[in-house]
Amino acid sequence: MLNRRALCALFIAAASVAPVSLAVAQTDSFPSRPIRLLVPYAAGGGTDAIARLVANGVGEKLGQTMIVENNGTAGGNVASTTVANAKPDGYTVLMANQGPMVVNPHLFKNLRIDPLEAFEPITLIARTPLVVVVSKNSPFKSFKDLMAHGKAKPGQLSYGSAGNGSASHLATALLLAQANIEAVHIPYKGAGPALNDMLGGRGDFMVTTLPSVLGLIDGGQMVPLAVTTDKRVEKLAQVPTVAESGLPDYTSAAWYGFSVPKNTPQPVIQKLREATLAALAAPIIKERLAAEGTEIVGDTPAEFGAMMKAESARWAKFLASSNISID
């Protein structure tokens, strides 16, 4: 028979092993329920479109639904903070991109998290070009026309964006800085609402991701004036680059990836990454993204993290020199 001392030792050993065994079991069974994917912009924009496309594929590979939730409040900070504070178990994922991850820490004075420290990167999903667009009723017929008007009448141009700190905001701010033009910024909670207002006559132009506006371009409701990449986009082969149109040093692109809360178990991160890469390899997703001019990446967590650190430093320097900030 066991004496009292032996029994105590046995109970202590069991208590120390049980949490570890439970954690391993939970990791092995992941995912056993639906996964939330928080998108830091309103529905209807480019980030949302790519998120829903990839989420559907990832859900199929994991055998669980990946539910997309949109929240563009405070430039995406509410969504990113929600994910950062979620339980690190893989069931809450952030659609991580330029604004919330590498711009907002330098743009918002009261941001409560450091995105580079609060998250574990999973993979960079894709990069996509942006395009300068105007409505079909716009008086501007070319990028040079738009810039000439901006220089002739400082401060009279206005532009919409997917929100403060978004790729569309910063791409436009960089463009205006290089062109030495002042314009009024109208931020929204996503590209969708901004484009809807442009169709209604509010705002002179917008720099937005190609997936967010391609349908409107194909339908003749929006007119592309220039693309922001260093080379022309196959989908819009007749549309010049901004560099070709008078700003030779200008280039910008948007990117999208998955991140999870800090301390998420590595086996869970690996499962999410493997499912994401498998989804990106599916012909239907490859064809859809290619048709929108989007480049699939699928890098490692370390590579994605290093890229975000470099991007953070780049935008910190630009924002400091431009005196752009949000109280």
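Laid out as a table, the results:
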| quantity | calculated |
| --- | --- |
| Cα-based Kirkwood hydrodynamic radius, region 89-165, one decimal, Å | 16.2 |
| Loop-located trypsin sites (Lys or Arg not before Pro) in region 107-187, at most 10 other Cβ atoms within 10 Å (DSSP) | K109 |
| Answer label, with P(r) over Cα pairs in 10 Å bins from 0, in percent calculated from the coordinates and candidates [x] 6, 26, 36, 25, 7, 1; [y] 5, 20, 27, 18, 11, 8, 6, 4, 1, 0; [z] 6, 26, 32, 20, 9, 4, 2, 1, 1, 0 | [z] |
| Estimated [θ] at 222 nm from DSSP helical runs (n ≥ 4, -39500 (n - 2.57)) normalised by residues in the chain, nearest 500 | -14000 deg cm²/dmol |
| Selected from T251, T128, T47 as most flexible by GNM, with the chain as the system and alpha-carbon contacts under 10 Å | T251 |
| Whole-percent carbon and sulfur share, accessible surface of region 194-307, 1.4 Å | 51 |
| Cut-off 15 Å between beta-carbons: net charge of the residues surrounding K235, Lys and Arg +1, Asp and Glu -1 | 0 |
| Antiparallel bridge percentage (DSSP; both residues within region 117-273; nearest 5) | 70 |
| Sparse-neighbourhood loop sites, chymotrypsin sites (Phe, Trp or Tyr not before Pro) in region 225-327 - DSSP loop, at most 13 other Cβ within 10 angstrom | none |
| Within-11-Å neighbourhood charge of T65 [Cβ basis; K, R +1; D, E -1] | +1 |
| Accessible area in square angstrom per residue, the chain, 1.4 angstrom probe | 45 |
| Summed residue charge, Cβ within 12 Å of P261's Cβ, Lys/Arg positive, Asp/Glu negative | 0 |
| Kyte-Doolittle mean at least -1.0 and Cα axial length at least 15 Å: DSSP H helices in the chain | 4-28, 46-62, 167-179, 266-280, 301-322 |
| Residue with peak Gaussian network fluctuation, the chain [Cα springs, cutoff 10 Å], from S166, S32, S142 | S32 |
| Restricting region 162-233 to trypsin sites (Lys or Arg not before Pro) in coil, as DSSP defines it, with at most 15 other Cβ within 10 Å | R202, K231 |
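The values are calculated or read from the model by the stated rules, or taken from the named source; none is laboratory data. Not measured: the values here are computed from a predicted model. Please note: Cβ atoms are built from the backbone with ideal geometry, for glycine as well, and neighbour counts cover all protein chains shown. Heads up: the accessible areas ignore ligands, DNA and RNA and are worked out on the full protein's heavy atoms, side chains in. Shrake-Rupley method; radii C 1.70, N 1.55, O 1.52, S 1.80 Å.
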